[in-house]
Structure formats: C-alpha cells, structure tokens
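To start, the structure itself, in structure tokens.
The values are calculated or read from the model by the stated rules, or taken from the named source; none is laboratory data. Remember, predicted model here, so these are calculated numbers, not experimental data. Every residue, glycine as well, gets a Cβ built from its backbone with ideal geometry; the counts of neighbours run over all protein chains shown.
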C-alpha cells in the first residue's frame, strides 16, 4: 500500500511538534524515520495510526484520502502500529490477547484464532505458547505477537516505533529478518528509530526529522555521517572550559549492574573524583536514570559494589547517602524533588533535617527570605512550590542543598529552562565543584554534555561505553555513539 | 448429624447467600471494567428499602425488584459520572454515597419498619426436585435463588467466552491498549458500572423480600462491605467470587450452630466470627510470604496462582484519549 503524507501539522500548546511534514512511502519498502527525542517522529506516527488527530494536512493511502478517528479505524484501513512498549495485555494469555479486538462475531472463535496464530507462527518461525501469559514473554516476543495480531487484522502498513530498544541481539536479528520478509510480501514498513546502525542495516530510504521538521531524505547507499548531520544539525562544536584540580575518589562503582523490567546494563566500573563533572549522554530511557538512582541508593544494583568515600553502600538507605554528602535531584522537579502544597519556608525547614520538635517560624521565615534572595528565586517565603516556574523550581531545589556536599547527581538539570536560568544553574553547580563537589548529570542536550563534562559516559542500546575524555570527543563522535554506532567496538 | 440435616443446611446456605452473590457479581463486573463502586453497602440498604416499600404498597414483586434495580443503577450512575466524566476520586465519592444512601434508607424507610409484607414465593422445579440430594439443594428454592446461580455462570460465560467480555477485561487492565483495539473505553465503563449497580440493587431487594423479610433500621447488616471484600477474595472472577459468597454464608450457618453447641460463649462471638474469618481469608490470598512459599515447585505455584487474583491493572484510574 502506497502511503503519502502531505503537509502534516500538529501543535501541542506552544510546541509545533509536526511542522509541514511531507513523506511518500512506496509499498514493499522499509522506510526509516530517524530523529532525536522530541523530533516529532512519534507524533507523526500516532497521527498516521489514528491515536491523535492532525491539525492540518492530508493522508493518502493508495491515492485515497483518509481521516482516522481512532486506531481501530486505522487498522480497518490497513495501518497498524507497534509501540515501543507493546500495547498488549500482560495479565491475559497469548491467545486471549490475540483475540481481543478481532471483529468476528459475538462468541470468541478460539479455534479459528488459534489456527490463525499457528499459521503466522509457522510463516515467520515464531514460537509462542498460546496459553502462556503475555507478562511472561520478553519484549521481543510481545512484538512478535503484535506483528501477528496486526497482520491477522489485515494491516498493510506496519509502523515500528523504536522496536530494537528493549530486545536482545538474537531477537533483533530475528526481527530484522521478519521485517525483510514482510517487505518482500508487499507490506509497507515504517521503521522509527534513533539508531543509525539499525537504519543503515535495514532501510532503503531514510527520512530525518529534527525539531518537528523534515531535515532531509536519503536513499541507500547513504553514510552514517550524512545522517548524523541531519539529526543533530550543523552547530555542534566543542568549547574550552576551566579545569579544576581533582581530589580524592568520592564515588566508586565496581562491576555494578543495574536493571529494571525492560533494560539491563552490564558491569559498569567507574571512579568519580572530587571536583569532577561527568555527563551521562544518550537517548532518554537508555538507563541513565537507573544508573543515577543506583548511585543515590534509591534503587539497588543487581550485582556489584557501590562505594561512597570508601564505604560500601549497597542496601543502605538514601538517608545514609545524604549523611555522606550524596544527593539526587530528579528530572521530575515537582513530582519527586519538591512537595507540592508546601511553601518555600516549609521546604527549607524540611531540608534542614533539624531534630528540634517545635518549628521556630520567625527564624525559618527569615532564613527562607535570605535563601530566596541568594538564589534569586522569583517568589516569596509563602509561595507554594507548584506556583513557581520550572526555572524557579530548579533554583529552589538547588537552594535546598546543604553546603559541603560530596556528590550531586542530577537528571536533566536544565530541561525546560530558559537560557538565563540554565546559565545560572550551571554557575551554581560549577561553583560547588570548585569547592570539591563531584557532579554526575544526565542530559539529552549534547552541547550541555560537551560543555560542562570532564568525562562522558554514553548509554546506548543497553550498554554503557567506557568513559570518554570530553576534551578529545567531538559532537560528531558523540552523536554516533548515542545513535548506537561504534558501541560494539568500545565494549 | 443425618443427611437430611446436611442437605437442608446446604440448601439454606445457597438461598441465604443469594443477595451476596448478586452484589458480588455486580461489583465484579464494575471493577473488571476499572470502576470501583464503593457505595455498595448504601446501595444495598436503599434498594432493599425501596424494594420492600414498592412491594408493600403495590403488592407487585416484579415492580419491586425493578425499582430496586433502578435505585442501584442510579447510585452507580453517580459513581460513574463523577469518576469517568468529572474524574473525581472513586473512593471518596463511593464512601459519601454509602453514608448518604444508608441515611436515606432510614429516613424514607421509617413508615415501613417492621411491617409484614409480601415475600418471593417458593417454587420447586417439578421433576428436577426428585433428584436425590442435589434436587433438594438446588431445585427446591425460589426464582430469585435460581437466578442467582444462573447469574454466576452467565457472568463467567460473558467474561471468558464472548468478544465483548474479553474487551471488558482489556478495558480494566489496560484502557489505552483496549482503545487501540476499538473499544469505546469510557462508554463501556459507564455501561458496566450501571449494570453492576442494577445487580447490586437486585441483591438488596432479594434481602428484604426473601432472606430477611421486611424492613428495619440498617436492615442488611453491613453485607455490602462483605461483598466488596469477597470481590477481592474472588480475585475478580465471578465463579471464585460466588464461592467466596457461599463460604461466608456457610460460616454464618456454622456459627449459628456453634452458638447452640457452646451456650456459655457470648453470642456476639459467633455473630462476628464470619467477618473476622473473612479478614483472615483475605490475608491468606494476598500474602507475599505465601507467594514465595508456593513458588517453590511449578505445580504448587500453578495451584496458588489460581487461588489468588490480581486486581484489574487500571482499577480506579481514569482514561482519556490523547
């Protein structure tokens, strides 16, 4: 089925998520859609598959204009989407999941569905037990189930959203095999990814999005170099930065392995010294958060040892990490960092961790007032934190930090802040650094990583590259690593 | 103890658990779709009162049960509207409705207190009642009891054998995924909450028109709370839920026998024992230590898994299309 997207626009509030996107995809081809987080790939695909409505533009299937009100209509017209986290039902069995949403009458036709399932399994060489629970399957197997389900519903255009994120290498090879087979059968495959390697291996044509716009379309053969330039823009360059003499080791990780239900990062060895800044680069969700939380003692590593100032900290509560001068500032400032409903004074009282029973309100008020001025927070002591802007919330979080910290762990320290607040946040952090605080921060902004880090850890595709020296790394190299190119060699 | 006695006991447990069965199945349907209707105890009181009042004034049982179902559906519609449309907290709304409906039943029920009124007539099924043992238990009852047993299997059949039933499970587990497969999540939730409420209302009328005839202050004795607990005990499965209801009914009759056997123990002990035992049973089916214990061998895990249920994944949450 031939697909044409013409002048698609989509706004979310002030954000222009899709800005005049035009795209034509012939049937029987695998078309890559490449871009960073927030480039607008997912929005475009959700529009195509009926999850969200476009503001303007046209979608043509084999030349006929369509407008889907919901995903079910899209499927009926032959457009199916496989989500990064497959949209299935973990508590149900494979067969039940396969049956759910089929439009073949009132009574469940289990025998017929089973035959269908077996037919597709044979065709692609999948091996799923029909009575196994979906929750017991790996992400790769859940993808296989979704592929079969969408095909059984008559999908002719299949959209794969970041399908290689949570799956193992053998499963990835199997997936690629399946995709090629599908294309041979005349299906139209759209492969959404941020991984250069995957795009190179699989796609005949690649369209690159950046900040909601199409920045270019390349046809096979293309070079990774072309793609990186289209993905990250031309403006990347390294800048000079002041050096600080490094002190004693603060944090030490020995063969630490962190994992959650969908991602497992193998042994990480790292020594962070006092005064050092380490940037964690990578597409969001590649394990940076897991890693930071493990360093703060909020999640337990699966194996390995975490040391703070020479003391083994595994299974110690966050309180002890705090006592040893390590602190974690999460990306969800309001959700995890602050307490909505409490005002600034109350926050400062809580952060002091005082042992007194009664609160000395006049003193607390004065103290809050000084901090507000010191950290130039736009607010008064009685301002509730949820009423502050993002930049002022981040300032408040920094103002809550006690002096003399050994280690600050930050997740997206400047996300959503304007330039002034960004500069201010970094001036605060760098100032603490000159007094010996080590800083670990995760950021999706390559410029930020290159500008402030001494060393860089790249998280990509379930792996962590050996720490890079920021001075010897170019934005280009970093972009390639983030996109998963060259990670294999570095392991 | 002779066999007649045992048969009679089973028959009475089956009969007296009927209101509980209606309420449990109704609430299971509603929660399976993702909406907790916590107002159960109030709904049962109010529908029991309305059912009796209508029967008392019109002498028409059909009308009485219909009115009780309308009451149940109306209360449920408030829960559905406030949680699905207004996105209010289901627990808070349900709790307030419990109190409100309880008080309304006292207020409007005042003229009917301790009045003799109509009852559901006994109706043995000719032929089937002759079957040895089972006939006396299952076919020597009234229409309402037959309906309660049929409802269990109807609900099971609907949920596990039909396409709409499968969709119902999907809506409660992962509304976003159900939506992707063509379900109109909020409309369906509304519908199931109403049906569930109507069944609860039917259970209320069953209480005042059959199990404990008439009307009095707080006539149904906290049965709604027990129904909520049994839904959890039953792991949101209609047949297991019904078994829970019968176990509770059984405990009640055991305690009334025990009361006569141990005359020196205060009677309150036996009246409250079923409630305490129900809590113990709940602890038993949702205990992590037991989880670990039973996960030792594959078959013990299988048996254990079938015993304990997990709540629908999206229970108590709201759904909005992007």
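So for segment A:1-18 (the condition being touching a strand residue (DSSP E or B) at 6+ places or on another chain (Cβ under 9 Å), touching a residue at least 12 places away in the same chain (Cβ under 8 Å), surrounded by fewer than 21 Cβ atoms within 10 Å (Cβ to Cβ) and under 30 Å from residue A:133 (Cα atoms)), does at least one residue qualify? Checking segment A:1-18: not a single residue is touching a strand residue (DSSP E or B) at 6+ places or on another chain (Cβ under 9 Å), touching a residue at least 12 places away in the same chain (Cβ under 8 Å), surrounded by fewer than 21 Cβ atoms within 10 Å (Cβ to Cβ) and under 30 Å from residue A:133 (Cα atoms). Give the residues of segment A:60-82 that are assigned to a strand (DSSP E or B) and buried (at least 21 other Cβ atoms within 10 Å of the Cβ), sorted by residue number. Correct list: A:79, A:80, A:81, A:82.
Of all residues in segment B:165-177, those being free of Cβ contacts under 8 Å to residues at least 24 places away in the same chain and at the interface with chain A (Cβ under 7 Å from one of its Cβ atoms) number 4. For beta carbons closer than 9 Å, sequence separation of 6+ or different chains, a first residue in segment A:80-103 that is at the interface with another protein chain (Cβ under 7 Å from one of its Cβ atoms) and under 20 Å from residue A:179 (Cβ atoms) and a second that is at pLDDT below 90 and buried (at least 20 other Cβ atoms within 10 Å of the Cβ), the qualifying pairs are A:88/A:137.
None of B:246, B:207 is at pLDDT 90 or above and buried (at least 23 other Cβ atoms within 10 Å of the Cβ) except B:207. Scanning segment A:263-282 for residues that are part of a loop (DSSP other than H, G, I, E, B) and touching a helix residue (DSSP H, G or I) at 6+ places or on another chain (Cβ under 6 Å) gives A:275, A:282. Only one entry in A:409, A:430, A:478 is in a helix (DSSP H, G or I) and surrounded by 22 or more Cβ atoms within 10 Å (Cβ to Cβ), namely A:478. Within segment B:178-190, if we keep just the residues that are in contact (Cβ under 8 Å) with a residue 40 or more places away in the chain and within 29 Å of residue A:155 (Cβ to Cβ), the residue that is nearest to the other protein chains (Cβ to nearest Cβ) turns out to be B:179.
Here's the yes/no breakdown for (1) in contact with a strand residue (DSSP E or B) (Cβ under 7 Å, 6 or more places away or on another chain); (2) assigned to a helix (DSSP H, G or I); (3) within 14 Å of chain B (Cβ to nearest Cβ):
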residue: A:117; (1), (2), (3): no, yes, no
residue: A:120; (1), (2), (3): no, yes, no
residue: A:127; (1), (2), (3): no, no, no
residue: A:154; (1), (2), (3): no, no, yes
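In this structure, residue A:297 does not satisfy being part of a strand (DSSP E or B), buried (at least 20 other Cβ atoms within 10 Å of the Cβ) and touching a helix residue (DSSP H, G or I) at 6+ places or on another chain (Cβ under 7 Å). With respect to the conditions (1) farther than 22 Å from residue B:11 by Cα; (2) out of contact with any helix residue (DSSP H, G or I) (no Cβ under 9 Å at 6 or more places or on another chain), residue B:190 falls short on a single one, namely (2). Annotation for segment B:96-118: no member residue is more than 14 Å from chain A (Cβ to nearest Cβ), surrounded by fewer than 18 Cβ atoms within 10 Å (Cβ to Cβ), farther than 25 Å from residue B:53 by Cβ and touching a helix residue (DSSP H, G or I) at 6+ places or on another chain (Cβ under 9 Å).
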